[in-house]
Amino acid sequence: MPVIHTHVSVPTTPEQRNALKAAYGKAITAVPGKTESWLMCPFEDNMPIYFAGDDSKPAAYVEVNIMGGNTPRSVWEQMSREIMGALESELGIAQDRTYIRYTATADWGWNGGNF
């Protein structure tokens with residue numbers, strides 16, 4: 001049950017969101033047992049984001065939520081490279097103006113119940 005929730009300070013087009021979704025679908029496979037078939041990707045754009053007190057340059061905040069735990073740090077590092085690279089190439093958001101938060105939990109609800 002992975003979710004990659006993207007908050008960006010710039011406008012996005014459907015084509016850019018599709019490109020990011022595709023990049024995220026590839027990136028999620030770094031997590032053992034995860035595939036794009038269960039990946040949810042909400043996007044929020046045009047958000048005011050201040051980074052170091054400055055909102056004059058594009059910025060991003062991404063939340064990656066995974067069902068499970070004990071994921072090796074190397075997986076998160078690989079995902080950071082892929083996600084930040086996609087944001088930079090698709091939206092022009094510098095990697096030094098992007099934060100990614102990773103959360104893993106066993107508690108996920110779906111289809112009227114929990115896994």
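The angle separating the long axis of helix 14-27 from the principal Cα axis of greatest extent in the chain is about 50 degrees.
For n ≥ 4 DSSP H runs only, could you compute -39500 (n - 2.57) per run for the chain, divide by its residues and tell me the 222 nm figure to the nearest 500?
Values: 2 runs with 33 residues, N = 115.
Computed ellipticity for the chain at 222 nm equals -9500 deg cm²/dmol.
For the range 5-65, the alpha-carbon coordinates run over 39, 24, 13 Å along the three principal axes, in decreasing order.
Taking all protein chains in place and a 1.4 Å probe, what share, in percent, of the accessible surface of the chain do carbon and sulfur account for?
Values: 3340 of 6550 Å².
Ligands and nucleic acids excluded, carbon and sulfur give 51 percent.
Note on the range 2-110: Rg/Rh from Cα positions, Kirkwood definition for Rh, rounded to two decimals, is 0.96. The residues of the range 2-110 expose, per residue, 55 Å² of accessible area to a 1.4 Å probe.
For the range 2-110, what proportion of DSSP beta bridges, expressed in % and rounded to the nearest 5, is antiparallel?
Working: 7 of 18 bridges.
Taking every DSSP beta bridge within the range 2-110, about 40 percent pair in antiparallel fashion.
The values are calculated or read from the model by the stated rules, or taken from the named source; none is laboratory data. Remember, predicted model here, so these are calculated numbers, not experimental data. Just so you know, the surface numbers come from the protein's heavy atoms only, side chains and all, with ligands and any DNA or RNA stripped out. Shrake-Rupley method; radii C 1.70, N 1.55, O 1.52, S 1.80 Å.
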